[in-house]
Amino acid sequence: MLKKLSIWVVFLAILLILPLLFDSIMGISILNQMAIAIVIALSYNMLLGQGGMLSFGHAVYFGLGGFMAVHALVMIEFETVTFSVTLIPMVGGLFGLVAAIFIGSFSTRKAGTVFAMISLGMGELIAASSLIFVDFFGGEAGVIGDRTFGPPFFGVDFAQDVEVYYLAAFWVFIATLFMYLFTQTPAGRMANAVRDNPERAEFIGYSARRVRFISFCAAGLFAGIAGGLFAMNFEFLTEENLNAATSGRVLLMAYIGGLGYFVGPIIGAVVLTLMNSLLSNYTELWMLYLGIMFVLTVMFLPRGFAGFIMLHQLAWHHGRLKTLALPYLVTGVPALLCAASLIGLIEMSHTEADIFHFLGLPLNPDQLVSWALPVLLTLGAGYATRSSLPQLRDAWHAANTEGKRAK
Amino acid sequence: MLDVFLFATLNGLVTGLLLFMLASGLTLIFSMMGVLNFAHASFYMLGAYFAYSISSYLGFWIGLLLAPVIVGILGALVERYGLRHVHRHGHVAELVFTFGLAFLIEELVQFFWGRDTKNYQQPDILDFPLFTLFGQEFSAYRGFMIFISVLIFIGLYYLLTRSRIGIIIQAAITHPHTVASLGHNVPLIFMGVFGVGSALAGVAGVIAGPVLTTFPGMAVVLGSIVFVIVVIGGLGSLAGAFIASLLIGLLQSYAIASDLGMQDLLALLGVSFERSHPLNDLWTLTLPQIAPILPFLLLVLVLIFRPTGLLGKREE
């Protein structure tokens, strides 16, 4: 109990310390995006990771909540209603919940392919309608709000991004806490049961459909909260925020981070936000790298980054993690070198400059000779990685099985 | 009025047949592996791009021959080294893998060919009006599209129902273990079907590229509609996919050609609204406006009221 509590205290402390460490304008802006991404990725995990519902339209609840939140900001600005903007994420959450109750009432009847297809259809339907119903969605231009109106919250008027960060941090903490607590409730446990074997769950006397519906509504609520945070941070929403591309990005985040583990989507959200905001400064090909990373993750790390970390649990318990360090180094260094030179090759083939700096070496992309080195390096490093794999596999096997025997 | 109707029907037919060329491959792959291949429309896009590159050196006809072969080989490789590997991680992983693949192929296309629209043209030899009705021309290329599609369906039909390979394929769909026990290499059949399905999508891309423009978003535009067709027709049913393809093609074509809207419906009911009404956008909807969302509306309705689709079998 104390151990669990201390994890939450550490989480809260990290949330509060981060803006002090990264206090540049860009740092705060990335932290804000991270906060939004964490909430939406965690809410997606409620569907797919815990409930077994593969959704291709999760951005709908994020976007609808966000649009409602922006409209609430506008209403506060024109004094139609009066409440503190700190509650804006809740407005988004409630609207996301309403949308989820409506759509979930028919889409949760089946899991699997039928659910996936309905989510895809509803996603396309609402994204397309958002361009038709201009009054609510603002058409192509979107809707704009202003977060600085309404009664100030203890003298804070949210003109600064840092102030928004602390608000977002509060909501991230609350949302994460409640989403974790949800997994501990009977409803959360039954969601796992229905995911693994709906038939058996029905035999015990639970309606699989209702269990799915409850998870679905909760996911909609938290997605809406994320949408509300988005509205607070960016102060505008467009069709882009609820279309299929955004839904796909949420799926990517949760999957790369690791489904089924509670921390997985958090890792995914942090990694993807960092890639999105930092990598895009250096290369316009970052989406290509993201795609490669995603496909490789699905193929070789089916449980994502979190699953990869968790694989070492057994070795760690037996104190045999040390024995893995050297084999990891032997495989990892050439693998990294191979990846780096491959990326160098890709970038060099795409560059328009006369001189391309390949791992610090100035090369001329127009000369055939300058291609030989990167190609050779890629192939050599790739071969070294490949030939060191059996060793790694043996070391891995030894670290995990010997421990068992000792026990 | 009649001319509008006639041309909407013809255009709908062209679209419908094109969609079926994609949907047939997708349906075959689904009935074999139980996986809806998200990347199917990406193979269609690859077909168009390969054909564009080949045609700029060797002409349209060589492109029509070569591009589908390349796409088919790529598809077979994807099945052999990607999908088969992911298979052991379960169904969701397979679906997510094809989703990731679609994402990756779109990025790769942008990497190799750039973001702009490609000037992929129909061959000069087909650049004439096939016939003129009510003062409107119907281009020979569209006629050619219909011809190619029909030719492929007849070929596919005979291959599947009359040839030895087709019979083995059909058996492998329903009883893979029995077929394997009889000494056939079932994984090889799976790979072949995946390759042929991708090649069919490639053909669709080659002939649709000049009409529907060749750009990096073309897979997304058509991809979800092909999904809709496969689901509406009933997962795994080729006949259902055929009916649904024509239905969606015609429906969209009629909706775009018509000038009806909510206001006509309201006038019929004798109701009218002020312009300042808060739901003004709803009361002024027109059919051409909602044409792009009709397939998805139909999809959601079908899934709610008949989850097995038009000709789908009973759910397990």
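Listed values, structure above:
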{"quantity": "Check on A:SER207, hydroxyl-bearing (Ser, Thr, Tyr), within 14 Å of another protein chain (Cβ to nearest Cβ) and open to solvent by 30 Å² or more (accessible area, probe 1.4 Å)", "calculated": "no"}
{"quantity": "Filter result for A:ILE256 (without any contact (Cβ under 8 Å) to a residue 60 or more places away in the chain, within 14 Å of chain B (Cβ to nearest Cβ) and either of a type in the set (Val, Ile, Thr) or surrounded by fewer than 24 Cβ atoms within 10 Å (Cβ to Cβ) (or both))", "calculated": "yes"}
{"quantity": "Condition met for B:ILE207 (free of Cβ contacts under 8 Å to residues at least 60 places away in the same chain, open to solvent by less than 30 Å² (accessible area, probe 1.4 Å) and closer than 30 Å to B:PHE99 by Cβ)", "calculated": "no"}
{"quantity": "Subset tally (residues that are open to solvent by 10 Å² or more (accessible area, probe 1.4 Å) and within 13 Å of another protein chain (Cβ to nearest Cβ)) for region A:55-81", "calculated": "2"}
{"quantity": "Answer from B:PHE60, B:PHE138, B:PHE128, B:PHE134 - the residue that is buried (at least 19 other Cβ atoms within 10 Å of the Cβ) and either more than 14 Å from chain A (Cβ to nearest Cβ) or touching a helix residue (DSSP H, G or I) at 6+ places or on another chain (Cβ under 7 Å) (or both)", "calculated": "B:PHE60"}
{"quantity": "Test: residue in region B:31-39 that is at pLDDT 85 or above and assigned to a helix (DSSP H, G or I)", "calculated": "no"}
{"quantity": "Flag if B:LEU28 is away from chain A (no Cβ under 14 Å) and crowded, with 22+ Cβ neighbours inside 10 Å", "calculated": "yes"}
{"quantity": "Number of positions in region B:74-94 that are touching a residue at least 60 places away in the same chain (Cβ under 8 Å), over 15 Å from B:SER42 (Cα atoms) and within 11 Å of chain A (Cβ to nearest Cβ)", "calculated": "3"}
{"quantity": "Meets criteria (within 21 Å of A:LEU272 (Cβ to Cβ) and among the basic types (Lys, Arg)) for A:ARG303", "calculated": "yes"}
{"quantity": "One residue from A:GLN367, A:GLN391 being of a type in the set (S, T, N, Q) and farther than 30 Å from B:LEU83 by Cβ", "calculated": "A:GLN367"}
{"quantity": "All helices (runs of 4 or more DSSP H) inside region A:284-398 with 1 or more residues being in contact (Cβ under 8 Å) with a residue 60 or more places away in the chain and more than 14 Å from chain B (Cβ to nearest Cβ)", "calculated": "A:313-317, A:321-350"}
{"quantity": "Single residue of region B:201-236 satisfying the filter (within 14 Å of chain A (Cβ to nearest Cβ) and assigned to a loop (DSSP other than H, G, I, E, B)) that is farthest from B:VAL302 (Cα to Cα)", "calculated": "B:PRO216"}
{"quantity": "Residue check for B:SER55: open to solvent by less than 70 Å² (accessible area, probe 1.4 Å) and under 30 Å from B:ASP3 (Cα atoms)", "calculated": "no"}
{"quantity": "Residue in region A:338-353 that is within 27 Å of A:GLY264 (Cα to Cα) and open to solvent by 70 Å² or more (accessible area, probe 1.4 Å) present", "calculated": "yes"}
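This table checks each residue for (1) among the polar types (S, T, N, Q); (2) in contact (Cβ under 8 Å) with a residue 40 or more places away in the chain; (3) open to solvent by 20 Å² or more (accessible area, probe 1.4 Å).
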site: A:ILE103; (1), (2), (3): no, yes, no
site: A:ARG109; (1), (2), (3): no, yes, yes
site: A:SER119; (1), (2), (3): yes, yes, no
site: A:GLU124; (1), (2), (3): no, yes, yes
site: A:ASP135; (1), (2), (3): no, no, yes
site: A:ALA141; (1), (2), (3): no, yes, yes
site: A:GLY150; (1), (2), (3): no, yes, yes
site: A:ALA168; (1), (2), (3): no, yes, no
site: A:THR185; (1), (2), (3): yes, no, yes
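The values are calculated or read from the model by the stated rules, or taken from the named source; none is laboratory data. Here the structure is a predicted model, which means the values were calculated and not measured. Don't worry about glycine lacking a Cβ; one is built from the backbone with ideal geometry, like all the others, and counts go over all protein chains shown. Ligands, DNA and RNA are stripped out before the accessible areas are found, and what is left, the full protein with its side chains, is counted by its heavy atoms. Shrake-Rupley method; radii C 1.70, N 1.55, O 1.52, S 1.80 Å.
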